[in-house]
Structure formats: structure tokens, C-alpha cells
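Chemist: Got a structure here, written out as C-alpha cells. Questions coming.
Values in this text are rule-based calculations from the coordinates and carry no lab data. In this text, all values refer to a predicted model and were calculated from it rather than measured experimentally. Positions of Cβ are backbone-derived with ideal geometry, glycine not excepted, and every protein chain shown enters the neighbour counts.
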Amino acid sequence: MSRNYEGLIVLNTKGAEGSVDDLISSIGKEIEAEGGKLEEVRQLGRRQFAYPAKDIESGNYVNFLFSADPASLAKVQTRLKMNDAVHLQHYQTR
């Protein structure tokens, strides 16, 4: 059974070779590769952190709206944990 999710992902672009749009596109492809169906992607822009985390002072915030099975969401989270460009990820149902 598919559920609707909202995912907030903070990208670490420090030392990244590609553009932010390329990173967002690759994350969207990873969601779709695990059976998710993207509905909307909102770029919220670059924001400064309250304190440096892992030597990173800011990150690009991106909001992904998609539908997926709960098992697929777990696979997406696992894949994105291995992605160095993803600093933080948080998901909730909507």
C-alpha cells in the first residue's frame, strides 16, 4: 500500500563536483529507483546552520513530495545514507 511522504533533505555541496540541480536530480532518481513516485520537488535554498556540524556551516534544503511503500522508504533512506552529498534527511507522512 502506497503512502504519501514529505522528505526534507539537506545537501552538503561543499566540495561537490556537480551543480545543486544535478544533485537534486540524482536523489529524485534514487527515490524513483526504489519504487517511489515523485510528485513535487521544492528547492528551499541555502541556509546557515545554527552551529557547524561535521565541519559544514550551511546546506541546501530541498523538499521532496512523493508516494511510496513503507518498505521502499526504508530502502531510500539506506541508499541516501551512503550518499556523501546528503547531510541530513527527514521524512514524514502527509
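Chemist: How high is the relative contact order of the chain? Use alpha-carbon pairs under 8 Å, at least six apart in sequence, and give a whole percent.
Modeler: Reported as a whole number, the value is 49 percent.
Chemist: Still on this structure, please answer the following. Given R₀ = 25 Å, what would the calculated FRET efficiency be for A71 paired with Y51, taking r from the Cβ atoms and rounding to 0.05?
Modeler: Efficiency, rounded to the nearest 0.05: 0.10.
Chemist: Taking amide H positions as placed in the peptide plane 1.01 Å from N, state which residues far from L88 in sequence (5 or more) or on other chains have amide H under 5 Å from it.
Modeler: V10
Chemist: Assuming 0.36 nm per residue, please report the length gained on full extension of the stretch L44 to E6 beyond their Cα-Cα distance.
Modeler: 12.3 nm
Chemist: I've got another one for you. Assign unit charges at the C-beta atoms only (+1 for Lys and Arg, -1 for Asp and Glu), then state the dipole size of the chain relative to its Cα centre in Debye, rounded to the nearest 20.
Modeler: Roughly 260 debye, rounded to the nearest 20.
Chemist: May I ask you to sort V20, V10, V76 by Cβ crowding, counting other Cβ atoms within 10 Å and putting the fewest first?
Modeler: V20, V10, V76
Chemist: Rounded to the nearest 500, what is the 222 nm mean residue ellipticity of the chain from helices alone, with -39500 (n - 2.57) per DSSP H run of 4+ residues and division by all residues?
Modeler: Using -39500 (n - 2.57) per qualifying helix, the result is -9000 deg cm²/dmol.
Chemist: Note down the net charge around R79, summing +1 for each Lys or Arg and -1 for each Asp or Glu among other residues with Cβ under 10 Å from its Cβ.
Modeler: That works out to 0.
Chemist: If you don't mind, another one. List the trypsin sites (Lys or Arg not before Pro) within the stretch 1-43 that fall in a DSSP loop (any state other than H, G, I, E or B) and whose Cβ has at most 14 other Cβ atoms within 10 Å.
Modeler: Numbers: sites: R3, K14, K29, K37, R42; in loops: K14.
Within the stretch 1-43, the qualifying trypsin sites (Lys or Arg not before Pro) (loop, at most 14 other Cβ atoms within 10 Å) are K14.
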